[in-house]
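Laboratory data are not the source of any read-out in this text; all were calculated from the coordinates shown. The structure displayed is predicted, hence computed values, not measured ones. Every residue, glycine among them, receives a Cβ derived from its backbone with ideal geometry; neighbour counts consider all protein chains shown.
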Amino acid sequence: MGLILLSCNNDPIVDPSEFVENYRDLTEVEYSPTAFVVDNLPEFLPLISPADNPLTVQGINLGRHLFYDPILSADSTMSCSSCHSPELAFTDGLAKSIGIDGLPTQRSSMSLLNIGYNYRGLFWDGRVTTLEEQALLPIEDEIEFHNTWTKAVSDLQVHSVYPTLFREAFGIDHTGEITKELAAKAIAQFERIIISGGNSKFNKVIFDNTLAFTDQERHGFDLFVDDGDEDALDAECSHCHSGQLFMGDEFANNGLDSTADFSNLIDLGRGGVTGYNVDMGKFKAPTLRNITLTGPYMHDGRFASLDEVIDHYNSGGAPSPNKDQNIRPLGLSEYDKESLIVFLQTLTDTTYKYPELVSNPH
Amino acid sequence: MKNTTLFTFIISLTSLILLSTGCKKEGSINLNFNAVYGDEPLVMLESYPYTDGDEINFTVSDFFVSNVYLTDSDGSRVDLTDVELIDFDAQNVTAAMAQTPISFSFPSIESADYESITFSVGLDAETNLTRPEDYTPENPLSENTRYWGPWESYIFARFQGNLINPDLGDDIGWLFHTGKDDVFRTFTYPLDKSIDDNVVDINIEIDHQELFKVGDDYMDIRSKPTNHNPQDLEPLIIITENFSTAVTID
């Protein structure tokens, strides 16, 4: 009977302020998240957010602040925007990005344009699937931010503004509930609204019917898409760069490096993630939207210009056991190559669907 | 007495009805897809004998099957699935993994003796009118690389690889992508499977050597290594129709 009485007592109330470092109560801050609904571009896949991280005005606002704030790097000198600048379609214009210690990363910074629609592998090697997973990694990468999440979270907890933003976004009761997972969720929400393309000439021609391709742009388009006319030359581009994002859903070896057995490859790409021979030297085919703004090109930025890229594909690339069979000598003339570039320029749209929301708030 | 007899009759009748409905059994079916080349499991990048001294390997083998159903001894049809992607280039990446089939499980299949299985290679005309943006991301029909805009068609099947001749020292990349409604084919294979409160495996083996059969010979890949041409569907139809002989059901 005594045991039962004991078990009926309420547990003593524990005051988190007594054991949570950097404790500050936030319950007086209003928590009333407002759903944010994306008005999708035509022919785009649906924009799907995870069930545990729906888009809200407050979540996007917090993510926007974090994205542009160097507070996440060890010495507070770099932010996500250092390698993903809105002026360069959220890349940085470098062959390989530079981290806070002045060291180069292994690969080129990928564009975050329309990244919310990429459901099949992030990074050049697809090693994570969701934006929430991806946002966790640069902070503790030794070359990139060279920080620890423990320090980053602590800095956020004592900040004059961030506790309020976290409360407004996620309804936390006190600063001790700020976590790296919530920070990553906020950044992911922000990234999901980095949407562009509706004002590209391509969209105006194909979807709006308000403009027409020039003859050369049309020729470049016909080369790009392989229209099935056996008598016409094809550049086979859309085998990998497909859909309205002009992006690959899979990974491919595009013949960048000559290898007989993969043993000499410096960067294994997808194969470094799976370990399978068939994946060695394979990389994601990135979006070609705004490609004129996101050079240099390839996973290691080896090509400074689109001319070099097209020359590479026209050559048929270097031999490799798993080189994609669409990579073969194309026989393109100089006019054909120019036309491809002219067509790619129609994919340029320097505007954003939500320009205020993706700009730097600091 | 009369009321007791009537009561007993009602109880007995009710029990009989309950027993008969409660005895309706169901089982589960596992559809297991395996890729082979002749007698050997198909492994990506492994070389196999082809013709005239050539060796062939595969780097891509994937295709849609659709409208999969069983037919029982009474002629009744049991639908299993609308569309599935059979992706051997994702599965058969090592010799060990090639031993494991691509499987789909279907519970709650009514007990019966099933005499045939039917499925189509590709997508029916109605499905082929849809586009990737009509589907949510987890659906393979949402993959843009499996849709070909200029054809206004999904790519029904993709086979890619290399033809290598050690004597000639050459290495020819080959590629066959099938698609368009004209290439859609439906196949029915005999079956001898009984479902009765059990789990039944239906093993479907696709012999990739047979897929390239042309009469008593094999497709001349060396002369024409690629076909992605809606104006020349003949090679693609040959490959698709070869599913009638390339498939073994166990």
Item to check | log10 of Debye I(q)/I(0), alpha-carbon scatterers only, for region A:145-227 at 0.10, 0.17, 0.22 Å⁻¹ | outcome: -0.52, -0.72, -1.06
Checklist entry - Of all DSSP beta bridges located in chain A, what percent are antiparallel, nearest 5? => result 80
Checklist outcome for this item: P(r) over all Cα-Cα pairs of the protein assembly as shown, 10 Å bins from 0 to the longest distance, whole percent per bin, short to long, reads 3, 14, 21, 21, 17, 12, 7, 3, 1, 0, 0
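Quick one: what do you get for chain A if you divide its Cα Rg by 2.2 N^0.38 Å?
Details: Rg = 23.9 Å, N = 362, 2.2 N^0.38 = 20.6 Å.
Dividing the Cα radius of gyration by 2.2 N^0.38 Å gives 1.16.
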Item to check | Calculated FRET value between A:Arg302 and B:Ile237, using beta carbons and R₀ = 56 Å, to 0.05 | outcome: 0.85
Checklist entry - Given the C-alpha centroids of region B:184-245 and region B:59-120, what is the distance between them in whole angstrom? => result 14
Item to check | Volume per residue of the C-alpha convex hull in chain B, rounded to whole Å³ | outcome: 162
Checklist entry - What's the average, rounded to a whole number, of partner chain beta-carbon atoms within 10 Å of each residue's beta-carbon in A:319-328? => result 5
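Set the Förster distance to 60 Å, then compute FRET efficiency between B:Asp52 and B:Asp113 from the Cβ-Cβ distance, nearest 0.05.
Calculated value: 0.80.
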Checklist entry - What does region B:110-149 give for Rg and for Dmax, in Å, if only its C-alpha atoms count? => result 14.7, 43
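Once the Cα gyration tensor of region A:100-202 is found, what semi-axes does its equivalent ellipsoid get, as square roots of 5 times the eigenvalues, in whole Å, sorted largest first?
Working: eigenvalues 140, 78, 30 Å².
That gives 26, 20, 12 Å for the three semi-axes.
Classify region A:16-195: rounded, prolate or oblate, from the alpha-carbon gyration tensor (a ≥ b ≥ c, eigenvalue square roots; a/c under 1.5 rounded; otherwise prolate if a/b is larger than b/c)? Numbers along the way, then the final one.
Numbers: a/c = 2.13, a/b = 1.20, b/c = 1.77.
Cα axes put region A:16-195 in the oblate bin.
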Next on the checklist: If you take each beta carbon of peptide A:242-250 and count the beta carbons of other chains within 10 angstrom, what is the mean?
Outcome noted: 5
Checklist outcome for this item: Expressed in angstrom and rounded, the centroid-to-centroid distance over alpha carbons for region A:149-201 and region A:50-116 is 13
Next on the checklist: If I fit a long axis through the Cα atoms of helix A:215-225 and take the longest principal axis of the Cα atoms of chain A, what angle between them do I get, 0 to 90°, rounded to 10?
Outcome noted: 70
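Could you sort the peptides A:166-173, B:152-159, B:133-140, A:138-145 by per-residue average Cβ neighbour count (10 Å cutoff), highest mean leading? Present the calculation step by step, with values, prior to reporting the outcome.
Values: A:166-173: 20.8, B:152-159: 22.2, B:133-140: 14.1, A:138-145: 19.1.
Taking the mean over residues of other Cβ atoms within 10 Å, the ranking is B:152-159, A:166-173, A:138-145, B:133-140.
So if each residue of separation counts as 0.36 nm, and I subtract the Cα-Cα distance between A:Asp39 and A:Val161, what length gain in nm does that give?
Numbers: separation 122, 0.36 × 122 = 43.92 nm, distance 3.00 nm.
Result for the pair: 40.9 nm of gain on full extension.
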Item to check | Simple label model, 7 Å out from Cα along Cβ direction - A:Glu18 to B:Thr5, nm | outcome: 8.2
Checklist outcome for this item: In this structure, the FRET efficiency calculated for A:Asp261 and A:Asp215 from their beta-carbon separation, with R0 = 35 Å, to the nearest 0.05, is 0.15
Item to check | Angle in degrees between helix B:2-22 and the longest Cα principal axis of chain B, rounded to the nearest 10 | outcome: 10
Checklist entry - What is the distance, in nm, between label points placed 7 Å from the Cα along the Cα-to-Cβ direction at A:Ser333 and at B:Val199? => result 6.4
Checklist entry - Once the Cα atoms of helix A:334-345 and of chain A are each reduced to a long axis, what angle between those two axes, in degrees from 0 to 90 to the nearest 10, is obtained? => result 30
Checklist entry - Along each of its three principal axes, how wide is the spread of alpha-carbon positions in region A:127-184, in whole angstrom units, largest first? => result 33, 22, 15
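I want to verify the translational diffusion coefficient of region A:62-144 in µm²/s; compute it with Stokes-Einstein, Rh as the Kirkwood radius over Cα pairs, at 10 °C and 1.306 mPa s.
Working: Rh = 13.1 Å.
Here the translational diffusion coefficient equals 121 µm²/s.
Just to confirm the filter: which GluC sites (Glu not before Pro) across region A:206-258 are DSSP coil and have at most 14 other Cβ within 10 angstrom of their Cβ?
On the way: sites: A:Glu217, A:Glu230, A:Glu236, A:Glu250; in loops: A:Glu230, A:Glu236, A:Glu250.
Here the GluC sites (Glu not before Pro) that fit, given the DSSP loop and packing criteria, are A:Glu230.
List nothing, just return the count: lysine pairs in chain A, 8 or more apart or interchain, with Cα separation under 17 Å. Provide the component values of the computation, followed by the final result.
Working: A:Lys96/A:Lys284; A:Lys151/A:Lys180; A:Lys201/A:Lys353; A:Lys204/A:Lys353; A:Lys282/A:Lys323; A:Lys284/A:Lys323.
So the count of such lysine pairs works out to 6.
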Checklist entry - Using a cut-off of 13 Å between alpha-carbon atoms, which aspartates and glutamates can reach B:Lys25, once sequence neighbours fewer than 8 places away in the same chain are excluded? => result B:Glu110, B:Asp113, B:Asp196, B:Asp197
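Taking 0.36 nm per intervening residue step and subtracting the Cα-Cα distance, what contour gain separates A:Ser315 from A:Glu356 on full extension? Mind dumping the intermediate values first?
Details: separation 41, 0.36 × 41 = 14.76 nm, distance 4.32 nm.
The A:Ser315-A:Glu356 span can extend by a further 10.4 nm.
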Checklist entry - How many partner chain Cβ atoms sit within 10 Å of a residue's Cβ in peptide B:227-234, on average, as a whole number? => result 3
Checklist entry - For region A:201-345, what class follows from the C-alpha gyration tensor (a ≥ b ≥ c being the square roots of its eigenvalues): rounded when a/c is under 1.5, otherwise prolate if a/b is larger than b/c, else oblate? => result prolate
Checklist outcome for this item: The convex hull of the Cα atoms of region A:32-87, divided by residue count, gives a volume in Å³ per residue of 129
